[in-house]
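Data block below; observations after.
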Amino acid sequence: MVKSQACRLAVLHLKRNTEEVIASAHPAVVRAEHQNWAVYSGLVFTMFIWGLAWPVGRLLATNLPPASIAAIRYAIVIPVLFAILWFREGSFKIERSWIPTLVVMGILNTTLYQIFFLYGVKYAAASDDSLVIGIGPVLIAVMASFVLKERLTGTKILGFASGLAGIITISILSPNTQVLNRPLGVTLVFGGATAYALYTVILRRFIATNRKDNHGPQQSSLSILSWISLLGWFFLIPLSLLETPWNYSWDAGSWLGILYLAILSTVIGYFLYIEGVSKIGAGRSAIFGNLVPVFGVLTSFLVLGENLSPWTGVSFLLILAGVLLVNRRVKNSGS
């Protein structure tokens with residue numbers, strides 16, 4: 001009887017201590033969950049901003065020269081990025097040995113991607129184009145197999161085939177027929193996705209190579225983005241001049257659209273995404289990227305009145321399946 005009572009007392013004491021520990025830990029858990037939800041909300045908002053950029057881009061490119069839109073956009077972006085860079089790091093310095101690689105990345109990310117994006121929405125529906133850009137992760141995985149010598153598995157090949165089938169579906173069966181040239185527009189956006197995928201793979205190799213040298217300078221993502229934007233912008237200027245942008249009418253709506261692409265889509269979107277990566281990791285943040293085509297289609301429907309059909313959903317599912325397949329982790333048999 002004494003032993004039983006002692007056991008009950010020990011259990012009660014242990015239970016009380018456990019409750020105290022849980023109670024003391026509860027505020028920290030609540031804060032962490034609240035912080036994660038704030039990050040998730042920021043990432044969802046970022047994907048909405050990037051999705052809305054498609055109908056905004058189409059509104060601009062329909063009546064204005066695309067290369068000039070991109071050149072003006074980055075004429076606004078670059079001073080803002082370098083001002084933030086100076087405020088945060090107090091220096092604009094980069095290694096001279098980095099410049100050739102940064103030029104290549106600037107051409108891919110700033111020059112070519114912007115040209116493909118804006119000419120793509122000029123010729124095809126924004127909702128269709130926003131679906132096509134969703135194949136980006138698939139292209140990155142396939143290119144990494146060649147550039148970074150990562151293994152090209154059968155699953156990745158199947159993922160690429162699925163994503164390509166989604167693009168072909170929306171190119172042929174899109175309900176948006178009142179456009180200048182849908183196959184050309186979709187092809188241009190696919191070219192933009194290819195340019196961005198190649199840029200991403202080169203960037204990964206560039207960062208990995210520089211990190212091997214522990215004694216060398218460590219570049220920040222903000223510094224890299226600022227210089228890539230500047231160097232790529234230099235190539236947009238002559239393309240813009242060829243379009244003779246002074247012969248077009250740039251009204252208040254045009255400038256609001258360009259400001260949206262420059263400040264919200266580029267600067268604020270970038271910093272919100274980087275904040276998400278720093279808090280929950282690159283892998284979990286990248287999952288939110290699948291919302292960009294969804295918001296692109298929805299906002300194109302609401303803003304531009306573009307058409308939707310079951311084939312829009314089929315295309316999205318095929319591209320999403322491709323993304324999931326190429327990112328599938330194969331477990332080792334001994335793990």
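The values are calculated or read from the model by the stated rules, or taken from the named source; none is laboratory data. What you see is a predicted model, and the numbers here were worked out from it, not measured in a lab. Methodologically, a virtual Cβ is constructed for each residue, glycine included, from the backbone with ideal geometry; neighbour enumeration extends over all protein chains shown. What goes into the accessible areas is simple: the full protein's heavy atoms, side chains included, and nothing from ligands, DNA or RNA. Shrake-Rupley method; radii C 1.70, N 1.55, O 1.52, S 1.80 Å.
Some observations on this one:
Here is a yes/no grid of residues against (1) open to solvent by less than 60 Å² (accessible area, probe 1.4 Å); (2) assigned to a helix (DSSP H, G or I); (3) over 17 Å from residue 44 (Cβ atoms); (4) not aliphatic (A, V, I, L, M):
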site	(1), (2), (3), (4)
257	yes, yes, yes, yes
264	yes, yes, no, no
288	yes, yes, no, yes
311	no, yes, yes, yes
319	yes, yes, yes, no
323	yes, yes, yes, no
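- Any hit, region 215-234, residues being part of a helix (DSSP H, G or I), surrounded by fewer than 18 Cβ atoms within 10 Å (Cβ to Cβ) and modelled with pLDDT of 95 or more: yes
- Test result for residue 52, closer than 17 Å to residue 130 by Cβ, assigned to a helix (DSSP H, G or I), in contact (Cβ under 8 Å) with a residue 12 or more places away in the chain and not β-branched (Val, Ile, Thr): yes
- Checking each residue in region 62-80 for being crowded, with 22+ Cβ neighbours inside 10 Å and out of contact with any Pro (no Cβ under 9 Å at 6 or more places or on another chain) picks out 66, 70, 73, 74, 77.
- Boolean, residue 120 is under 19 Å from residue 184 (Cβ atoms) and in contact (Cβ under 8 Å) with a residue 40 or more places away in the chain: yes
- One residue alone among 92, 117 is touching a helix residue (DSSP H, G or I) at 6+ places or on another chain (Cβ under 9 Å), of a type in the set (Phe, Trp, Tyr) and at pLDDT 95 or above, and that residue is 117.
- Matching residues in region 77-89 - criterion: being over 25 Å from residue 208 (Cβ atoms), out of contact with any helix residue (DSSP H, G or I) (no Cβ under 6 Å at 6 or more places or on another chain) and not small (Gly, Ala, Ser): 79, 84, 86, 87
- Some residue of region 135-153 being assigned to a helix (DSSP H, G or I), under 27 Å from residue 59 (Cα atoms) and of a type in the set (A, V, I, L, M): yes
- Filtered residue count, region 157-199, keeping only those that are open to solvent by 30 Å² or more (accessible area, probe 1.4 Å), touching a helix residue (DSSP H, G or I) at 6+ places or on another chain (Cβ under 9 Å) and either under 20 Å from residue 326 (Cα atoms) or not in a helix (DSSP H, G or I) (or both): 15
- Filter result (among the polar types (S, T, N, Q) and touching a helix residue (DSSP H, G or I) at 6+ places or on another chain (Cβ under 8 Å)) within region 272-305: 285, 290, 299, 300
- Near pairs, Cβ below 9 angstrom, 6+ apart or cross-chain, from region 60-72 (under 9 Å from residue 243 (Cβ atoms) and polar (S, T, N, Q)) to any residue that is surrounded by 23 or more Cβ atoms within 10 Å (Cβ to Cβ) and at pLDDT below 95: none
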